[in-house]
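K.L.:
Pasting in a structure now, in structure tokens, and then I'll have a few things to ask.
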Amino acid sequence: MIFCSIEFLVFFLLVAAAYWTLSSRLARALASVASAAYLGYVGWYCFSIAYTAVGWRSDAFDAAWASLPYNGELFFVAAVVFFGAGMAWAFGPQRGRVWLLLAASFYFYASVTLWLALLIFASTILDYCLAHGIQALKAPAWRKSLVAVSVTANLGLLCYFKYTNFFLGSLLAALHRCGATSSFSLLSILAPLGISFYTFEAINYIVDVYRGRVRAEGNLANFMLFILFFPHLIAGPIVRARDFLPQIRRRKRWDWMRIELGARFFLMGLFKKWFIADRMAAFADPVFQYPSDYSGIAIAMAVIAYALEIYGDFSGYTDMAIGTAHMLGFHLAKNFDMPYLSANVSEFWRRWHISLSTWLRDYLFIPLGGSRGGKWQTCRNLLITMTLGGLWHGANWTFIIWGLLHGLLLIGHRMFHGFCEGRSLWKRVLQSGPGTALRVLTTFLAVCLCWVFFRAQSFENATRMLGGLVRLHGKGSPMPAVGLLLTVGVVVFCHLVARRNLWQRVAARLPAPVLGVGYALVLALCLLFAPMAEKPFIYFQF
Amino acid sequence: MEARVVLAAAASSEREKAKATPPALRARSRHVRAHRSFVTVLSGLAMFAAFQFGLAAVVEISMPEIRDPIYGRRLHLVQNSLRAGPSKPWTVLMVGSSHVEWGFRVEKSEEKTWSEILGHPVATFNFGLAGSGSLTELLTWDRLRRDSVRPSLLLVETSPALLSGLAGDYREGFLPTHRVA
């Protein structure tokens, strides 16, 4: 189930409706009766068809189940609502809401694979127990051991599911190059969606409890909701325990302003995904697949298109997650801040995937020594952090090289910054209007070149792409260039509007109905540009 | 440095102003903003619903080809060809599955085969639709007749596997509702 699908819309509307009406006894009773009636009806319908005069027939049951609306999804959503309403009767509306969201999050995840959802459940319970142990114990050695157990367990799961085949494959390739043969082969492992994200969330919680920055959460349901909350579960943003746990405890009230804000974020995300990302994929995908066939101009266009695609895709997902969370009364931190307007790579990482870069800074770069040591130590720490950040994205050498390149760019920027420190003329020129434009352009181009490694399926493909940039002959762009130019224009315009805060000023002056009509038109525009086939989010693979 | 001091002063004055505002006035301002959001959301939903109904009406009444653009685009080409007047070429039309869609080479047939066989200029049209079986072919032919398309020659792909039932049950998924226009 992805955010921009009709299944998610049905799921979210029903869960949100139940979530906000649980405080009213009448609405709670209605939700309980309606969901119980639906569950009973589906049960009766499927069993009566399967249990015919000749006895039980599982194929008849399956056929009956498949004929249900949304392939039986409504049944599970009704079960979630029924469970939430039951918990609200038992423990009050506030706790009922937490349980409802927890059940909804579990279902959201289990709709992909059930046993992987159970695995996350188990690892979350382990972290919950270990955090309490860390808080209760006084001896530093024991506390450290428990942190080590938790970090090892979380990273162990991550490594097993995500990196086992990568390491095995690399080993096999190395053996093959040496002329040796081996009897072992790659394993058949299905990585749980979003494992990289919730692993980092669990680690930040455990480390923060160890450092005394956060108290171990007493309520298991609250802690599980922090990890499993469905808007951020699969592709972030990576939330911090100290930001999120207090929000779970806070009493929620229906607020039209938040609903509007959430809807606006969601709409913005939809626009980025459908209007920008999915359309840019048509420019980038064929060229990245067969780079040798295309001319340098087509390759350059594909690289720029991919830069826009990944930005639209990932920041679009994040906006939808933030919007969905707002509509449920939660605030998720900003994850993107117009990164392509950055004047240097360091600034780019303060604006791109902010939740990951701050996580890497706080839990990797600083513990490694940060920039407190000498120049070389800082460079080493930057390289380690960025390379591991690259590896976090995916189990492939291309991601490692991408991270390494960013590490080198950060080191280069640091050195150049040091060089400019004592030279006021350089500083003045670079900080002038044209100088800043030049810096933004240089940074954008450097980031685009790094994206080649991020997107390419293999190192060879990436080098073919880079080598092809100077090729004069070959096929032109797979799509008309005007589409790319139009999208670049739209993105630049939106960035200018956001940077100058024009939207806030204009929106505040517009009459409310006009604003509503504007939102409706944007939604209609998104639907008009929506791709025929559903295209998954890029960051789902991480 | 100076700018920072000015900003800090401005922020502190804002805070003081907010503190100085009576709670009743603050509540009223919040109420006004909430009402504005309520109107925005509702008018947005109403407008979107109106847009959807309007579009559905337009599609039903004057642009039915939008419902099934693959069919609509091809129908437009056939109708243009049929409207060409007395010197119009003969029309050869083929219905079938994705085999026809990808395998029936329209331009090649026009140059070499069809004109030679029939001894007359020929315009060929490919109505192969992915996922089609005999039922969809019949449906396509019915739609073409209803849209006043009378080809000189109609070719129909027949898959023995579908007729003998070897291809499995004919399921709903093979007959998308937007094609039943």
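K.L.:
If eta is 0.890 mPa s and T is 25 °C, what Stokes-Einstein diffusion coefficient results for segment A:73-218, Kirkwood Rh from Cα pairs, in µm²/s?
P.N.:
136
K.L.:
OK, next. Output the antiparallel fraction of DSSP beta bridges having both residues in the protein assembly as shown, as a percent to the nearest 5.
P.N.:
In the protein assembly as shown, DSSP labels about 15 percent of beta bridges as antiparallel.
K.L.:
Then there is this: Quantify how strongly other chains surround peptide A:516-528 by giving the mean number of their Cβ atoms within 10 Å of each of its Cβ atoms.
P.N.:
Across the residues of A:516-528, the mean count of other-chain Cβ atoms within 10 Å is 5.
K.L.:
For A:Thr181, A:Thr152, A:Thr164, B:Thr40, give the ranking by accessible area with the largest first, probe 1.4 Å.
P.N.:
A:Thr181, A:Thr152, A:Thr164, B:Thr40
K.L.:
Could you work out the local net charge near A:Ser292, counting Lys and Arg as +1, Asp and Glu as -1, over the other residues with Cβ closer than 13 Å to its Cβ?
P.N.:
Computed value for this residue: +1.
K.L.:
Within the P(r) computed for segment A:337-449, what percentage of the Cα pairs occupies the region above 24 Å?
P.N.:
Beyond 24 Å sits 27 percent of the P(r) for segment A:337-449.
K.L.:
OK, next. Taking a temperature of 37 °C and a viscosity of 0.692 mPa s, what whole-number D in µm²/s does Stokes-Einstein yield for the protein assembly as shown with Rh from Kirkwood over alpha carbon pairs?
P.N.:
Translational D for this selection: 109 µm²/s.
K.L.:
Sort A:Arg240, B:Arg30 from largest to smallest accessible area, using a 1.4 Å probe on the heavy atoms of the protein chains.
P.N.:
Descending order: B:Arg30, A:Arg240.
K.L.:
Name the long-range amide H neighbours of B:Phe125: under 5 Å, sequence gap of 5 or more, or other chain; modelled H, no Pro or chain starts.
P.N.:
Amide H neighbours of B:Phe125: B:Val92, B:Leu93, B:Met94.
K.L.:
Apply the Karplus parameterisation 6.51 cos²θ - 1.76 cosθ + 1.60, with θ equal to phi minus 60°, to every residue of segment A:319-329 and state each ³J(HN,Hα) to the nearest whole Hz, in sequence, with x for glycine and proline.
P.N.:
4, 5, 5, 5, x, 4, 5, 4, 5, 9, x
K.L.:
Below 14 angstrom from the Cβ of A:Met479, what's the summed charge of the other residues (Lys, Arg +1; Asp, Glu -1)?
P.N.:
Around A:Met479, the charge tally is -1.
K.L.:
Mean residue ellipticity at 222 nm from the helices of the protein assembly as shown, using -39,500 (n - 2.57) per DSSP H segment of n ≥ 4 over the full residue count, to the nearest 500 deg cm²/dmol?
P.N.:
-22000 deg cm²/dmol
K.L.:
Could you please put A:His132, A:His353, A:His331 in sequence from largest to smallest accessible area, using a 1.4 Å probe?
P.N.:
Largest accessible area first, the residues go A:His331, A:His132, A:His353.
K.L.:
What is the helix-to-structure angle for A:6-21, meaning the angle in degrees between its Cα long axis and the longest Cα principal axis of chain A, kept from 0 to 90 and rounded to the nearest 10?
P.N.:
That helix lies at roughly 60 degrees to the long axis.
K.L.:
Considering only protein heavy atoms, what is the solvent-accessible area of A:Phe167 at a probe of 1.4 Å, reported in Å² to the nearest 10?
P.N.:
It works out to around 110 Å².
K.L.:
Moving on to the next point. Taking a probe of 1.4 angstrom, what is the accessible area of A:Tyr107 in Å², to the nearest 10?
P.N.:
The accessible area comes out at roughly 30 Å².
K.L.:
Would you tell me the accessible area of A:Trp20, worked out with a 1.4 angstrom probe on the heavy atoms of the protein chains, in Å² to the nearest 10?
P.N.:
30
K.L.:
In segment A:346-410, which trypsin sites (Lys or Arg not before Pro) fall in coil by DSSP and have 10 or fewer other Cβ atoms within 10 Å?
P.N.:
Here the trypsin sites (Lys or Arg not before Pro) that fit, given the DSSP loop and packing criteria, are A:Arg372.
K.L.:
Also, I was wondering about something else. Can you give me the distance in nm between label points at A:Trp376 and A:Leu220, each placed 7 Å from the Cα along the Cα-to-Cβ direction?
P.N.:
5.2
K.L.:
Does anyone have the angle between helix A:25-50 and the longest principal axis of chain A? Alpha-carbon axes, 0 to 90°, nearest 10?
P.N.:
Approximately 80 degrees, to the nearest ten.
K.L.:
A follow-up question, please. Grab the other residues whose beta carbon is less than 15 angstrom from that of A:Gly374, score K and R as +1, D and E as -1, and report the net.
P.N.:
Once all neighbours under 15 Å are counted, the net charge is +4.
K.L.:
Taking Cα pairs under 8 Å and at least six residues apart, what relative contact order does chain A come out at, in percent?
P.N.:
Answer for chain A is 15 percent.
The values are calculated or read from the model by the stated rules, or taken from the named source; none is laboratory data. Please read all numbers here as calculations on a predicted model, not as lab measurements. Because the Cβ atoms are built from the backbone with ideal geometry, glycine has one as well, and the counts that use them run over all protein chains shown. Calculation scope for accessible area: heavy atoms of the full protein, side chains included, ligands and nucleic acids excluded. Shrake-Rupley method; radii C 1.70, N 1.55, O 1.52, S 1.80 Å.
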